[in-house]
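Input: a single structure, listed below in structure tokens.
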Amino acid sequence: MNLHLLNRSPFSSRIHDDVLNAMGPEDQLLLIEDGVNGALDNAEQHLAGLEGRLFALREDLESRGLLGRCAENVIVVDVDGFVALTEAADKTVSWF
Amino acid sequence: MSDVMTAPLAGDDAGMAAGDLLVMLRHGPHGSSWLREGLEAAMVAAAFGREVGLLFTGDGVMALLEGQQVGPLGQKGSDNLLAALEMYDVERCYVDAAALRARGLTAQDVTLLPVTLLEHDEVVALTTAFSRVLSF
Amino acid sequence: MASSETVRTLTLDGRDIGLDAEGYLVDLDDWSPALAEMLAAEEGRELTPEHWEVIEVLRDFYQRFSLSPAMRPLSKAMTQRFGPDKGRSLHLMRLFPDSPPKVGARIAGLPKPTNCL
């Protein structure tokens with residue numbers, strides 16, 4: 001199981017398509033930096049099929065005022081959670 | 001999961017054989033230095049005897065098109081580095097078929113290197129088969 | 001190629017030739033066989049026909065790939081051009097002790113190899 005990190009917004013880039021194409025059925029996706037824009041309700045169409053495997057970094061959500069605006073399927077984690085996800089994964093793959 | 005790796009497979013199934021480092025190339029030539037840096041990283045690892053694979057995906061597939069030249073400001077392209085890969089024994093080169101299709105390109109267009117086209121499941125298997133993945 | 005700075009100069013046939021801090025040519029076009037002899041002599045080496053084989057392969061490699069080779073590709077290129085005995089690292093180490101890719105590149109008038117430590 002790999003952890004994928006995405007720091008680009010799905011509204012301004014289409015890198016999420018490449019991420020989804022490279023993700024295995026158990027791989028997890030953590031949205032960081034501008035990537036957390038993908039936690040909004042309206043981004044669900046772009047990041048479909050990740051039930052239980054879609055995470056967003058709390059600190060980056062907070063700094064953008066997005067913490068209360070996340071879609072239901074997004075699991076919010078803090079930096080410790082980020083570390084835990086990294087530890088649980090075989091490899092971490094960055095997308096930028 | 002990938003800690004338990006089977007021995008490299010021989011012959012035509014070598015596509016998913018284990019390896020040390022998979023370098024994902026996601027940027028085309030000229031617009032940034034990502035592509036050249038990724039290729040150089042692959043060559044450094046190979047020079048130290050690591051088993052290296054390359055995956056051209058996203059705009060990275062543009063690196064494989066013929067007819068590239070130096071940029072308007074004299075910037076180096078990447079075709080010379082691609083040509084050198086063989087001298088570094090980097091021989092496992094893969095292309096994301098979906099990235100090609102999205103750009104209206106086919107296997108006939110990617111002529112600079114001998115490559116293996118991979119569909120989604122094979123791309124996933126590839127990232128699992130290598131013990132490290134670097135993204136450029 | 002990032003342009004390097006001239007730290008010292010050699011004079012060959014009345015012309016000043018700039019070298020960088022590590023002894024590599026600042027202007028690669030300054031290279032000539034006579035300069036190679038001079039650079040080698042500075043390091044206390046005399047160039048034999050076997051050295052010249054390596055220099056030829058190094059310059060050809062750079063011509064083809066715009067790249068100074070690391071040890072493995074240099075060895076491979078030597079094998080392809082002159083056979084396996086000439087590609088052995090022992091042979092290359094004997095001709096250019098310490099680091100054949102670095103020392104060889106310096107004398108052959110190539111940039112310092114970036115992908116070999």
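The values are calculated or read from the model by the stated rules, or taken from the named source; none is laboratory data. Nothing here was measured: the structure is a model prediction, and the numbers come from that model. Neighbour counts run over all protein chains shown; Cβ positions are idealised from the backbone, glycine included.
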Item to complete: Working only within segment A:7-31, note down all residues that are surrounded by fewer than 21 Cβ atoms within 10 Å (Cβ to Cβ) and away from chain B (no Cβ under 14 Å).
Response: A:Ser9, A:Phe11, A:Ser12
Worksheet item: For segment B:32-58, how many residues are of a type in the set (Val, Ile, Thr) and at pLDDT 95 or above?
Response: 2
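Here is a list: C:Ser32, C:Ser75. Which entry is surrounded by 13 or more Cβ atoms within 10 Å (Cβ to Cβ) and either within 13 Å of C:Pro111 (Cα to Cα) or more than 14 Å from every other protein chain (Cβ to nearest Cβ) (or both)? Quick ask: steps written out before the conclusion?
Values: C:Ser75 fails: either within 13 Å of C:Pro111 (Cα to Cα) or more than 14 Å from every other protein chain (Cβ to nearest Cβ) (or both).
On inspection, the qualifying residue turns out to be C:Ser32.
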Worksheet item: Can you name the residue in segment A:39-66 that is free of Cβ contacts under 8 Å to residues at least 24 places away in the same chain and of a type in the set (D, E, K, R) and, of all such residues, is farthest from the other protein chains (Cβ to nearest Cβ)?
Response: A:Glu62
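Matching residues to (1) at pLDDT below 95; (2) closer than 30 Å to B:Gln69 by Cα; (3) part of a helix (DSSP H, G or I); (4) more than 10 Å from the chain's Cα centre (by Cα):
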site	(1), (2), (3), (4)
C:Glu37	no, no, yes, yes
C:Glu56	no, yes, yes, no
C:Leu67	yes, yes, no, yes
C:Arg72	yes, yes, yes, yes
C:Lys76	no, yes, yes, yes
C:Gln80	no, yes, yes, yes
C:Met93	no, no, yes, yes
Worksheet item: What helices (runs of 4 or more DSSP H) lie completely within chain A and have 3 or more residues being under 30 Å from B:Gly19 (Cβ atoms)?
Response: A:15-22, A:79-88
Worksheet entry | Of residues in segment B:13-44 being more than 19 Å from C:Ser66 (Cα to Cα), in a helix (DSSP H, G or I) and of a type outside the set (Gly, Ala, Ser), the one farthest from the other protein chains (Cβ to nearest Cβ) | B:Asp13
Worksheet item: Any residue in segment B:46-53 that is free of Cβ contacts under 8 Å to residues at least 60 places away in the same chain, farther than 23 Å from A:Leu20 by Cα and among the aromatic types (Phe, Trp, Tyr)?
Response: yes
Discussion item. Just checking: which of the helices (runs of 4 or more DSSP H) contained wholly in segment B:57-136 hold 3 or more residues that are away from chain C (no Cβ under 14 Å)?
Written reply: B:97-102, B:120-129
Response to the item:
For segment A:29-69 the number of residues that are more than 16 Å from A:Leu6 (Cα to Cα) and either among the acidic types (Asp, Glu) or at pLDDT 95 or above (or both) is 4
Worksheet entry | Meets criteria (assigned to a loop (DSSP other than H, G, I, E, B), in contact with a helix residue (DSSP H, G or I) (Cβ under 8 Å, 6 or more places away or on another chain), within 12 Å of chain B (Cβ to nearest Cβ) and on the phi < 0 side of the Ramachandran plot) for C:Leu47 | no
Worksheet entry | Where A:Ala48 falls short, out of the listed (1) of a type in the set (A, V, I, L, M, F, W, C); (2) out of contact with any strand residue (DSSP E or B) (no Cβ under 7 Å at 6 or more places or on another chain); (3) crowded, with 18+ Cβ neighbours inside 10 Å | (3)
Item to complete: Run A:Arg69 past the list (1) within 14 Å of chain B (Cβ to nearest Cβ); (2) more than 17 Å from B:Arg26 (Cβ to Cβ) and report the number of the one that doesn't hold.
Response: (1)
